[in-house]
Amino acid sequence: MPVPCLLPFIISKIQQGVNNPRQSESCPLNINTATAGQLETLDGIGQVLAQRIVDYRNANGPFASVDDLLEVNGIGPGILETIRPQITTEEEP
């Protein structure tokens, strides 16, 4: 994940006094290449769900679409809709 994409978001959160920056909607996170640590920056995704996503991807191959996250145990429609603006399955140009 390129640092310049998150830099303005992180700076704004630091200025607001927030020490736990979440994934910026302006720079979606590729769920096919993200580490568990990067996935944890998504709203509603903690350590356990992040690891389940990585484990599922390792066992089944890349996600064809973000909707495929519904196959991961613990990811339901509510969580998916929360993180949908923050994720992608496409590489940055």
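The values are calculated or read from the model by the stated rules, or taken from the named source; none is laboratory data. These numbers were taken from a predicted model, which means no experiment stands behind them. When we count neighbours, we look across all protein chains shown, and the Cβ atoms used for this are built from the backbone with ideal geometry, even at glycine. Ligands, DNA and RNA are excluded from the accessible area calculation, which covers all protein heavy atoms including side chains. Shrake-Rupley method; radii C 1.70, N 1.55, O 1.52, S 1.80 Å.
Based on the Cβ-Cβ distance of R84 and A59, what FRET efficiency does E = 1/(1 + (r/R0)^6) give at R0 = 30 Å, to the nearest 0.05?
On the way: r = 23 Å, r/R0 = 0.76.
Taking R0 as 30 Å, the efficiency between R84 and A59 is 0.85.
Work through the residues other than F63 whose Cβ is under 11 Å from its Cβ and net out their charges, Lys, Arg +1 and Asp, Glu -1.
Within the 11 Å Cβ shell, the charges total -3.
Which order do T89, T82 take by accessible area at a 1.4 Å probe, largest first? Show your work: numbers first, answer last.
On the way: T89 35, T82 70 Å².
Output order, biggest surface exposure first: T82, T89.
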